[in-house]
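The block underneath contains the structure these notes are about, expressed in structure tokens.
The values are calculated or read from the model by the stated rules, or taken from the named source; none is laboratory data. Because the structure is predicted, anything quoted here is derived from the model rather than measured. Note that each Cβ is placed from the backbone with ideal geometry, even for glycine, and that neighbours are counted across all protein chains shown. Calculation scope for accessible area: heavy atoms of the full protein, side chains included, ligands and nucleic acids excluded. Shrake-Rupley method; radii C 1.70, N 1.55, O 1.52, S 1.80 Å.
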Amino acid sequence: MEKRFVYADAAATVPTLPEALLEYEKTAREIWGNPSSQYSVGRAARRRLDECRGRMAELLGANPRRVFFTSGGTEADNWAVVSGARFMKERFGKNKIAVSEVEHPAVINAARALEREGYALEYLPVTPDGAVDIERAAKIIDGEVGIVSVMYANNEIGTIQPIGTLEKMAHSVGAYFMTDAVQAVGSVKLSFRDTGADMMTLSGHKFGAPRGIGALILSDGCEIEPFILGGEQERGMRAGTENLPAAAAMTRALELSLENFDDTERVAGLRNDIAEYIINEIPSSHINGSMKNRICGNLSVSFDGVEGESLMLLLDSRGICVSTGSACSSGAAEPSHVITALGYGRERARGTIRISLPRGATANDAEYIKVCLSECVSRLREITHI
Ligand code: PLP
């Protein structure tokens, strides 16, 4: 088969959409004032920023006054977890934080930093499907818990979490409920209001905006402290001159990804086709996570007797980009905390790759992935058995 280039790591990032790039460039060129300046070019920038905030809020079912732009998903996650936990401790003496075992490091490491400050950190276990185990969570989420953080969809195995149930559990004990929707926004049609969450985070570069822009969305009653201190930007909640061109580009990218939403079903079909092929044609292979409650392009798969890292590199030599574990932690020696949380051993975690098809992936891309996977897995198994 002729060599092609196939990008199948959409969970890491996607190329910036041309329309978003144009919006960035146009805004940077034409509306370059500082939104805090009182004269006309500053007022124009403020107006455009508020327009973007309003449109983002409209698209995501949120109150525009409660949409705060950040530098991306990590900052928004850190802010929500740290400031949410601190508020609950100061106001109500609640000292416990509960996060799912499969959270992104942006949440887990923020929670660990709080643990070092003296907070009690509890992990909510997941079932082999990757969803939070509700019965076990009910025993952990008690009156001491100030904040529960469970992601909307997982970045490694794509599992969509039972957010509605978890939100009710958190609220029944007076805790905040925070959801990291970085992987969901653009892949799932969601309304912040309908999630019932107090806080939700997102990151523009996962759905076609440039890097360096994201948002934290708060419910009307959610009180937290600012995280970055300085000027009065973002209603005094997030200091620093606003990145207006990136906010405009993110707004355009979100509009486009929701306009072309039907494509998600087609991409899920291609993903299912690859999964079926792997299970039927490649011996000793295993799909990780639920095939039902899963974001559209994601497929996490493990091959016995194969190193995920070697497979990723061999696929790269054939022009296919996939990742092992999550891009943010690949390169780390430890196997993925997500795969091990499902109850599988380190060997299975080591033999795992994540395929995440972007919107616009084609049937030819899927065919090429199938053929190359089959050849590369066989090749690596031959080498290891010599
Ligand atoms: N949360 C999740 C679920 C992610 O997948 C990522 C990035 O991979 C982040 C947070 C961090 O987002 P950012 O890259 O914008 O900092």
Residues being among the acidic types (Asp, Glu) and free of Cβ contacts under 8 Å to residues at least 60 places away in the same chain - total across region 1-22: 1
Residues (touching a Pro at 6+ places or on another chain (Cβ under 7 Å), in a helix (DSSP H, G or I) and surrounded by 20 or more Cβ atoms within 10 Å (Cβ to Cβ)) located in region 230-286: Leu244, Ala246, Ala249
Those residues of region 88-146 which are β-branched (Val, Ile, Thr), in contact with a helix residue (DSSP H, G or I) (Cβ under 8 Å, 6 or more places away or on another chain) and either more than 16 Å from the ligand (Cβ to nearest atom) or over 21 Å from Ser336 (Cβ atoms) (or both), in sequence order: Ile97, Ile134, Ile141, Val145
Conditions (1) touching a Lys or Arg at 6+ places or on another chain (Cβ under 8 Å); (2) surrounded by 15 or more Cβ atoms within 10 Å (Cβ to Cβ); number of the one not met by Val102: (1)
Checking Met56 against (1) over 30 Å from Leu373 (Cβ atoms); (2) within 16 Å of the ligand (Cβ to nearest atom); (3) in contact with a Pro (Cβ under 6 Å, 6 or more places away or on another chain), the condition it does not meet: (3)
Residues satisfying the stated conditions in region 76-90, i.e. in contact (Cβ under 8 Å) with a residue 12 or more places away in the chain and open to solvent by 80 Å² or more (accessible area, probe 1.4 Å): Arg86
Any hit, region 21-32, residues being of a type outside the set (A, V, I, L, M, F, W, C), at negative phi, within 16 Å of the ligand (Cβ to nearest atom) and open to solvent by less than 30 Å² (accessible area, probe 1.4 Å): no
When residues of region 210-228 are limited to those that are of a type in the set (A, V, I, L, M, F, W, C), open to solvent by less than 10 Å² (accessible area, probe 1.4 Å) and farther than 13 Å from Leu59 by Cβ, the one farthest from the ligand (Cβ to nearest atom): Cys222
Boolean, Arg46 is surrounded by fewer than 14 Cβ atoms within 10 Å (Cβ to Cβ), part of a helix (DSSP H, G or I), of a type outside the set (Ser, Thr, Tyr) and away from the ligand (no atom under 16 Å from the Cβ): no
Region 175-191, residues that are surrounded by 24 or more Cβ atoms within 10 Å (Cβ to Cβ) and not in a loop (DSSP other than H, G, I, E, B): Tyr176, Phe177, Met178, Thr179, Asp180, Val185
Residues of region 119-174 satisfying the condition of being among the aromatic types (Phe, Trp, Tyr) and either open to solvent by less than 10 Å² (accessible area, probe 1.4 Å) or touching a residue at least 40 places away in the same chain (Cβ under 8 Å) (or both): Tyr152
From the options Gly345, Gly319, Gly325, Gly331, residue that is more than 24 Å from the chain's Cα centre (by Cα) and modelled with pLDDT under 95: Gly345
